[in-house]
């Protein structure tokens, strides 16, 4: 009877009412194995309806989905990620609260999936959320290959997953550039970040250039020389527009990077020269 109820809920999402949320959540708490993953699939279907999201978030289902994400089957993990993605987009209270323990399995799934897939978009969206907290940033960088998986997503992902990955790395650098810069540089992020500066939305281009500027202001022994940067930019331009237009494209990219650097420097100069004002917390 339990299995039949779950399958019915999954297949008839359009007629599900908010009152249908508690039963699959209770099943998620009490079942094991395949039955538990069927309950997770029902939560996934229910969570795609905006009106159900606050109700599901209030039940604590997220913690149960995290357990499946850590130890379930491949399909169970995919369903758990998708459900968490839906729940994390809830605009009403209560908001979804996630524990950073979900970061390692998220990164493992990102490593394994196709970077341009819809699944990668959902996974990087969740990782971007975690990059906003120190606990989340530590979890991302402590997982072996975590930074590399994000760099590879910038290089090979869809525009959506690329944008989430850029924002995640930028969030790391903006929180403490000295702490995270070397970790990002070590994974070859400079070359990958040239892609969003050319292909991303205006917002993504701006974030990528900001991150590039922060990475280039590294200690002298880690800093790229001008010739090295020009070579990297030229090779990227040749891959994007072909060798015939590579010089022109590379020149434009370098000019954009220089202009961004000048704008940031001017902004910092104005900030230093402006009088300090007291604020109330």
>> Give me the mean projected area, in nm² to one decimal, of the convex hull enclosing the Cα positions of segment 72-116.
In response: 3.8 nm²
>> Taking the number of other C-beta atoms within 10 Å as the exposure measure, put 194, 185 in order starting with the fewest.
In response: 185, 194
> Sorted from fewest to most neighbouring beta carbons within 10 Å, what does the list 176, 70 look like?
Replying inline: 176, 70
> If you rank 122, 111, 53, 186 by fewest surrounding Cβ atoms within 10 Å, what's the result?
Replying inline: 186, 111, 53, 122
>> I want to verify the translational diffusion coefficient of segment 77-187 in µm²/s; compute it with Stokes-Einstein, Rh as the Kirkwood radius over Cα pairs, at 25 °C and 0.890 mPa s.
In response: 178 µm²/s
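Taken together, the values in this text are just the output of simple stated rules run on the coordinates, not laboratory data. Keep in mind that what you see is a predicted model, and the values were worked out from it rather than measured. FYI the Cβ positions are ideal-geometry reconstructions off the backbone, even for glycines, and counts take in every protein chain you see.
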